[in-house]
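A.B. asks: Take a look at the following structure, please.
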Amino acid sequence: MADYDYDLFVIGAGSGGVRAARVAAGFGARVGIAEERYLGGTCVNVGCVPKKLFVYGSHFAEDFDDARAYGWQAGAPDFHWPTLRDNKTREIERLNGIYRSLLDDAGVEVITERAILAGPRQVRVGKRTATTENILIATGSWPVVPPFPGNEHAITSNEAFYLDEFPERVLIIGGGYIAVEFAGIFAGLGASVTLTYRGELFLRGFDEGIRRFVTDEIRSKGVDVRFETRIESVERRGGDLRCRFRDGSSCVVDLVMVATGRAPASSGLGLEAAGVAVAEGGAIPVDRWHRTNIAHIYAIGDVIDRLQLTPVAIAEGMCIAHNLFNGESRVVDYERVPTAIFCQPNIGTVGPTEEEARRHHPNLVVYESSFKPMKHTLTGRGERTMMKLLVDGEDDRVLAAHMCGPEAGEIIQGLGVAITAGATKGDFDATIGIHPTAAEEFVTMREPVRRLGSP
Ligand code: NDP
C-alpha cells in the first residue's frame, strides 16, 4: 500500500462529513477533516437546530393565548428577541464544542482551515500539501439569492439567525421548506409577514392535498400568502424596504428574506485540479457508492444532487466509512425518506405523494381525515389537522403517510419504520390506537375517500 498521510481526508465538517470521519476513525483509519467555517455545518449553525429552537420560541404566542381557556390568567406576554437569539447562539456554541470533542475523541485530526484539492490524492491546507488515499467532499450548500434590482437589501436564512433587531414587517420570497418555516417563525414572534411564491401553489414536490391544506392554515395564522407573485425590485427608503412585484402589487417592509434554494458549495475547491466533474448548477455527480468520476474521491450531502437533508447526509457518510474501512457495500435507500417541514402546523411525510402514487399504482386507495385537534375544543382556535394514508389496493401495502398538524414530524417518524418494514393497511387496522391522541387517527381510518381503478 502506498504511504499516504491519511487514509481519508474529509473536506467539510457538517453532519455528513463529521459522521464519515468519526466512523472511519472508529474502524482504525487515519482521518483528517478540514473546516473553514463552523463545526457542525449548516444544520447545527444556521439550519435545523437554531430553526427548531426558533419554532419553539414562536409557538408560545398561541400557547399564552390558548392557556386562558384552560383557566390560566397571566399578564400580557412580551417578547424579547435578543434573549431568544442569544440563548440560541449559546446553545449552538455548546454544540460546536461537542462536535469538536466527538472528533477529537475519535482520533480525527481537525484542521480549522479551508482545504482544496491539489490532485486526485492531494489536498492543500494553508501552506501544507498532504497526501491521502481517499478524499470525501462534504462541503454542503449555500443560499442562492436570485438576481433582481435591490437584492443586496435582502437577507438569507444565514443572517436571519443573527438579526440585531426583530423586524415588524417581513417579506419572505420563496415557497420551499425555509420560506414556510420562517413565515411561521416571524409571524409567531409577532411580525406581520408576507410570503410570495412564484408558482400557483408552494411546497412543490409535497402532496397536493397537504399543500392546499397548509396554505389555509398558514393564512389563518395571519400570514399574507401570495402565489403567482414574482419580485420585481426592492428599494430602500430610510428604514423602509419598498418591494414591487411583477403583477404591479407591492408591499413595504423592514426585512426581505429570500429562501429560494441552496446551491451546492463546489466552487473554489480545486475540483478541476483533481479532474472531478461538476454538473450544471454546481452539484457533484456521484454513483450509488458516492464515488465521483475520479476513483478515491467521494462526495456526500448537499454538494451532490440528491436530497438536501441532514439525516440523508449522515446516512451517506456512514456508508462511505463502512464501505471503505469495514469491507461492506452499503448504499443509501432514497425511497421513502421521511421528512418534516416545521411550518405551523408542521408537515410530516413519508412515501410518495398521491400524484406520484397514482402514476405507479393503478389500484391506489386513499384514506384521508381532517379534524380539530382535541386541545382546541376548549381554546376555540380554528386550527385543523389533516392525515392521509396511501395504500396499494393490489397487495394492501401502505405506500405513504402524510400529515399536517402539531408534532407531525414526531408522528411520521414512527410510521416511517412501519412503512419501511412493509406494513399493510391490515397491520395498521390491527394496531390498537393510543387514546386520546391525534396519531390514533392513522390506525382508525376505515373508509377510503378515493379508490383508483374501481368502476
Ligand atoms: P427549496 O428547494 O425547498 O425551495 C426553494 C423555493 O424557492 C421553491 O419554492 C422555488 O420555487 C423557489 N425559487 C427557486 N428559485 C427561485 C427564483 N429564482 N425566484 C423565486 N423563487 C425561486 O429550498 P429552501 O431554500 O427552502 O431550502 C433548501 C433545502 O434545505 C431544501 O431543499 C431542504 O432539503 C433543506 N431544508 C430542510 C428542512 C427540513 O428538513 N425541515 C428545513 C429547511 C431546509 P419552485 O418550486 O417554483 O422551483
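Bear in mind these aren't lab numbers, they're just calculated from the coordinates by the rules spelled out. Owing to the predicted nature of the structure, the values given are computational and were not obtained by experimental measurement. Please note: Cβ atoms are built from the backbone with ideal geometry, for glycine as well, and neighbour counts cover all protein chains shown.
A.B. asks: What is the magnitude of the charge dipole of the chain about its Cα centre, with +1 placed on the Cβ of each Lys and Arg, -1 on the Cβ of each Asp and Glu, and no other charges, expressed in debye to the nearest 20?
C.D. replies: 480
A.B. asks: Further question: Length gain on complete extension for the stretch Phe60 to Arg358, per 0.36 nm per residue less the alpha carbon to alpha carbon distance?
C.D. replies: Result: 103.3 nm gained on full extension.
A.B. asks: Could you work out the relative contact order of the range 340-453, using alpha carbon pairs under 8 angstrom and six or more residues apart, expressed as a whole percent?
C.D. replies: 33
A.B. asks: Could you tally the net charge around Val417, taking each other residue with its Cβ under 15 Å from the Cβ of Val417, Lys/Arg +1 and Asp/Glu -1?
C.D. replies: Taking every Cβ under 15 Å from that of Val417, the sum is -2.
A.B. asks: Now a separate question. Set the Förster radius R0 to 25 Å, insert the Cβ-Cβ distance between Ala279 and Glu335 as r into 1/(1 + (r/R0)^6), and round the FRET efficiency to 0.05.
C.D. replies: E between Ala279 and Glu335, to the nearest 0.05, is 0.65.
A.B. asks: Packing-wise, with mean Cβ within 10 Å as the measure, how do 435-447, 151-163, 258-270 rank, highest first?
C.D. replies: Top of the packing list down: 258-270, 151-163, 435-447.
A.B. asks: Check the straight Cα-Cα distances from Lys221 and name the lysines below 29 Å, setting aside those fewer than 8 residues away within the same chain.
C.D. replies: Filter leaves Lys51, Lys52, Lys88, Lys372, Lys375, Lys388.
A.B. asks: Right, another one. Could you sort the peptides 393-405, 294-306, 92-104 by per-residue average Cβ neighbour count (10 Å cutoff), highest mean leading?
C.D. replies: 294-306, 393-405, 92-104
A.B. asks: So how far apart, in nm, are the two label points at Thr431 and Glu208 if each is 7 Å from Cα heading toward Cβ?
C.D. replies: With each label placed 7 Å out from Cα toward Cβ, I get 2.8 nm.
A.B. asks: Name the shape class, rounded, prolate or oblate, that the alpha-carbon gyration tensor gives for the range 336-455, where a ≥ b ≥ c are the square roots of its eigenvalues, rounded holds for a/c under 1.5, and otherwise prolate holds if a/b is larger than b/c and oblate otherwise.
C.D. replies: prolate
A.B. asks: Let me ask another. Scan around Arg450 for amide H atoms under 5 Å from its own, H built in the peptide plane at 1.01 Å from N, and keep only partners 5 or more places away or cross-chain.
C.D. replies: Placed amide hydrogens put Val366 under 5 Å from Arg450.
A.B. asks: Divide by every residue of the chain the summed helix terms, -39500 (n - 2.57) for each DSSP H run of at least 4, and state the resulting mean residue ellipticity at 222 nm, rounded to the nearest 500 deg cm²/dmol.
C.D. replies: -9500 deg cm²/dmol
A.B. asks: Around Arg230, what is the net charge, scoring Lys/Arg as +1 and Asp/Glu as -1 over all other residues with Cβ under 13 Å from its Cβ?
C.D. replies: Neighbourhood net charge equals 0.
A.B. asks: Further question: Could you sort 357-370, 43-56 so that the peptide with the highest average Cβ count within 10 Å comes first and the rest follow in order?
C.D. replies: 43-56, 357-370
A.B. asks: Dipole magnitude of the range 1-126 about its Cα centre, charges +1 at Lys/Arg Cβ and -1 at Asp/Glu Cβ only, in debye to the nearest 20?
C.D. replies: Once rounded to the nearest 20, the dipole reads 240 debye.
A.B. asks: Here is a follow-up. Checking the cross-link filter: which aspartates and glutamates have an alpha carbon closer than 15 Å to that of Lys425, excluding same-chain neighbours under 8 positions apart?
C.D. replies: Glu368, Asp392, Glu394, Asp395, Asp396, Glu440, Glu441, Glu447
A.B. asks: Rounded, prolate or oblate for the range 121-222? Axes are the square roots of the Cα gyration tensor eigenvalues, ordered a ≥ b ≥ c, and the cut-off for rounded is a/c under 1.5.
C.D. replies: Cα axes put the range 121-222 in the prolate bin.
A.B. asks: Between Asn326 and Glu152, what is the FRET efficiency for a Förster distance of 51 Å, r being their Cβ-Cβ separation, to the nearest 0.05?
C.D. replies: 0.55
A.B. asks: Now for a different question. Return the sequence-ordered ³J(HN,Hα) values of the range 195-203 in whole Hz as given by the Karplus equation 6.51 cos²θ - 1.76 cosθ + 1.60 applied to θ = phi - 60°, using x for Gly and Pro.
C.D. replies: 10, 10, 10, 6, x, 7, 7, 6, 6
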